[in-house]
Amino acid sequence: MSSNHGAAIEFEHVWKRYRLGEYVRRKRRRRTLKSELTLALERSGLKRVKGEDLGSGFIWALADISFRVEEGESVGIIGPNGSGKSTSLKLASRITVPWSGRVHARGRIGSLIEIKSGIHPELTGRENIYLYGTILGLRRKEIKKRFEEIVDFAELHRYIDTPVKRYSSGMEVRLGFSVAAHLDPEILLVDEVLAVGDESFQHRCIERMDQLRATGQTLVFVSHVLADVRRLCRRVIYLDRGMIRADGPADDVINIYLNDVAERGASWRERMPAGVGDGSGDPNGPAEEWPSHPRARARYSRDPRV
Ligand SMILES: Nc1ncnc2c1ncn2[C@@H]1O[C@H](COP(=O)(O)OP(=O)(O)OP(=O)(O)O)[C@@H](O)[C@H]1O
Ligand SMILES: [Mg+2]
């Protein structure tokens, strides 16, 4: 049994799946003792999952992920599109729950995962700051003390009493990041949505995260901008098709990732007639889904290079 003493975040054999295709409204399965038992057996891998065979309508966004982030650690998560980075942050911030396995997160979490995470479009910027602060467990007085700083950082003075639905995407991200990074969360989770902000805002965000990191706040940072990841994080986790391909010192892991990108790029060029490309083999493009099931976990062996 593992202990999460000292860990800000811990993932234990986490599996997360999503349904592919259009969501079809079905009759809700009644929660009976039998259906709960069936689900528990399916999740533990002891029973075959209905509709789970290859070609069925599910994708494993994460497959048997285990890692710990210690208090005060800064960890970067990198990987191709669709490799499960945002899904990991959503699980850590409890926006969604795992299909099986456990996710522990200790402390107040400030997160900027999707542009709209934590931000309500009908409310004004001011109302959102108070709402978010309250959700984080702060008192009105504490939020008031930081209010000016949040608005200054986001540079939204003129818009602070306008409903957020009238903000541009960049303005929404400014508000979201500023609130998440100034209301003293113990864990800060930031996804690459920052890219929507302009150059100078992105620069200030990186500086702010650097400051928070230096003061011992736990940070999990997802980005495709490897220079930012290198600057903020000593440790990096590289996800590939929902699995941990490498986890270790930033430089080593980033090198493995860049080698993989180069290899995929080379095999893509080999397969394409000169000058032709439909983007489907783009080395940075979507990774193929991993079609396995918990029962097939033994077939996967982790990369031993890190
Ligand atoms: N709500 C959802 N419904 C169905 N599938 C989903 C959902 N969210 C994520 N997925 C799928 O899960 C997989 C992992 O998605 P995720 O968003 O975690 O990738 P990512 O690594 O953050 O990619 P990117 O670099 O493009 O942001 C993808 O195949 C995606 O299509
Ligand atoms: Mg993502």
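Any idea how far apart LEU226 and GLN211 come out in nm if each label point goes 7 Å out from Cα toward Cβ?
3.0 nm
Express the relative contact order of segment 110-240 as a whole percentage, based on alpha carbon pairs under 8 Å and six or more residues apart in sequence. All intermediate terms of the calculation are to be shown ahead of the outcome.
Numbers: 164 pairs, mean separation 36.8, N = 131.
Across segment 110-240, relative contact order equals 28 percent.
Which log10 I(q)/I(0) values, to two decimals, does segment 110-240 give at q = 0.22 Å⁻¹ under the Debye formula with one point per Cα?
For the requested q values the scattering log ratios are -1.38.
At 0.36 nm per residue, minus the direct Cα-Cα distance, what do ASP152 and LEU37 gain on full extension? Give it in nm, one decimal, please.
Values: separation 115, 0.36 × 115 = 41.40 nm, distance 5.30 nm.
In short, 36.1 nm is gained.
Using each residue's phi in segment 247-258, evaluate 6.51 cos²θ - 1.76 cosθ + 1.60 at θ = phi - 60° and report the 3J(HN,Hα) Karplus result to the nearest Hz, with x for Gly and Pro.
8, x, x, 3, 4, 4, 5, 4, 4, 4, 4, 5
Would you mind calculating the gained length between LYS144 and ALA266 on full extension (0.36 nm times residue separation, minus the Cα-Cα distance), in nm to one decimal? Could you put the intermediate results ahead of the total?
Working: separation 122, 0.36 × 122 = 43.92 nm, distance 5.48 nm.
Extra length from LYS144 to ALA266 when fully extended: 38.4 nm.
For segment 138-192, count all C-alpha to C-alpha pairs, find those more than 15 Å apart, and express that count as a whole percent of the total. Kindly include the intermediate steps, with their values, before the conclusion.
On the way: 728 of 1485 pairs.
Roughly 49 percent, once rounded to a whole number.
None of the figures in this text is laboratory data; all of them are computed from the coordinates on show. Quick caveat, the model's predicted, so the values are computed rather than measured. Quick reminder, even Gly has a Cβ in these numbers, built from the backbone with ideal geometry, and neighbours come from all protein chains shown.
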